[in-house]
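Peer 1: Could you have a look at this structure, given as structure tokens, before my questions?
The values are calculated or read from the model by the stated rules, or taken from the named source; none is laboratory data. This one's a predicted model, so the numbers in the text were calculated from it and none came from an experiment. For neighbour counting, all protein chains shown are included, and Cβ atoms are generated from backbone atoms with ideal geometry for every residue, glycine included. Calculation scope for accessible area: heavy atoms of the full protein, side chains included, ligands and nucleic acids excluded. Shrake-Rupley method; radii C 1.70, N 1.55, O 1.52, S 1.80 Å.
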Amino acid sequence: MKRTTVRVRLTLLYGGLFFLAGAVLLTVMYLLVKQNLDTRLGGNAMVRIAGVVPAQSPAPGSLGVASRQVQLAGGQTVDVGDLQAAIVKQQSTARDQALDALLAQGGIALGVIGIVAAGFGWLMAERALRPVHEITAAARRVARAASADRGLHERIGLTGPRDEIKELADTFDEMLERLDRSFDGQRRFVANASHELRTPLAINRALAEVTLTRPGVGPDAQQLAESVLQVNARNERLIDGLLTLAASENELADRVPVDLRVVAEHVLAGTPTGEISCDSRELLGAPVLGDPVLLERLTQNLVDNAVRHNRPGGWMSVATRVEPGWAVLTVTNSGRPVAPYELDMVFEPFRRLGGDRVRSDRGLG
């Protein structure tokens with residue numbers, strides 16, 4: 001069912017109110033004109049004719065009786081009663097015709113003017129709703145932005161009188177401004193914290209490696225140094241993931257031509273699959289514009305997951321292709337299917353299936 005827009009509803013409201021007001025006005029005018037005509041014409045009251053002239057003069061010397069007949073201008077002689085009845089009938093007919101003409105012509109005029117008023121209402125509704133359309137367009141651009149914070153730089157900047165719609169637009173701009181500052185602060189914190197943590201981790205790795213290579217180190221010290229190196233390597237991967245996450249949520253400043261097929265071949269060549277058989281026969285050319293490092297990291301993450309989350313002796317398939325407007329990378333394996341209630345969690349950063357976020361497995365979730 002097609003929805004009715006606010007513009008259509010406003011136009012119908014304007015037109016309906018105009019027709020209602022016009023109908024009330026026409027009814028009042030009809031009643032007033034009818035009352036005025038009844039007052040002036042005397043309704044059906046008898047018409048009084050003064051100074052009746054007899055049609056024939058009485059003979060000399062006779063008493064004579066005044067005749068009730070009058071002679072019209074054309075010489076025709078009519079009875080006074082008939083003349084009165086004819087005049088009353090003519091007055092009543094003229095009255096009824098005048099009232100009917102008022103209703104007919106008034107109704108036609110109301111219809112024509114009502115259509116014109118509805119057209120003006122349609123135009124005025126579009127003008128009144130134009131700021132709402134600007135707010136909707138800005139919200140749509142923010143929602144369809146490529147990254148979470150990319151669209152927060154949008155502003156409505158509505159100009160015009162200080163009314164309710166202007167206040168709504170200004171409030172929306174203020175909300176976007178606060179969200180933009182919040183995302184910028186979060187991104188800077190992640191980037192700065194990740195860079196700052198690299199230094200102590202590098203020092204820890206150097207101390208542990210020196211301990212392992214120093215002659216005469218006891219078994220306990222070697223085991224401790226190896227444990228420190230393992231924990232340090234996991235922390236380094238965590239920091240790399242934070243940096244990758246912070247970079248992936250920023251808008252790409254430089255986009256270069258990259259072929260996903262070449263990226264996938266490079267990743268497969270450097271990834272040990274062990275007992276997992278890999279099918280790469282469907283690797284087709286898939287040129288895109290993007291960041292080669294992020295695309296390689298994305299492909300590497302998918303391939304590593306396909307190898308890790310698989311059954312012993314299983315298989316995996318990597319394919320690239322081009323669809324209208326898209327370059328597609330598909331990684332499939334023989335691992336267990338993801339439960340429907342866990343699908344949303346798969347796309348959260350650092351989230352692993354089963355709710356375990358503290359394992360030391362290699363990967364960023």
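Peer 1: At 1.4 Å probe size, with every protein chain present, just tell me what the per residue accessible area of the range 180-335 comes to in Å².
Peer 2: Counting only protein heavy atoms, the per-residue value for the range 180-335 is 63 Å².
Peer 1: What full-extension length gain, to one decimal in nm, is calculated for ALA128 and VAL24 as 0.36 nm per residue of separation minus the Cα-Cα distance?
Peer 2: Values: separation 104, 0.36 × 104 = 37.44 nm, distance 2.77 nm.
Between ALA128 and VAL24, full extension yields an extra 34.7 nm.
Peer 1: Can you tell me which of 124-131, 208-215 comes out highest on packing, and rank the rest after it, using the mean Cβ neighbours within 10 Å? Before the final figure, lay out each step's value.
Peer 2: Working: 124-131: 14.5, 208-215: 12.5.
So the peptides 124-131, 208-215, ranked by packing, come out 124-131, 208-215.
Peer 1: To the nearest 0.05, what FRET efficiency results for HIS309 and VAL231 with a Förster distance of 30 Å applied to their C-beta separation?
Peer 2: The pair HIS309/VAL231 has a calculated efficiency of 0.80.
Peer 1: Would you kindly state how much longer the chain becomes between SER280 and LEU12 on full extension, computed as 0.36 nm times their sequence separation minus their alpha carbon distance, in nm to one decimal?
Peer 2: Details: separation 268, 0.36 × 268 = 96.48 nm, distance 6.20 nm.
Here the answer is 90.3 nm.
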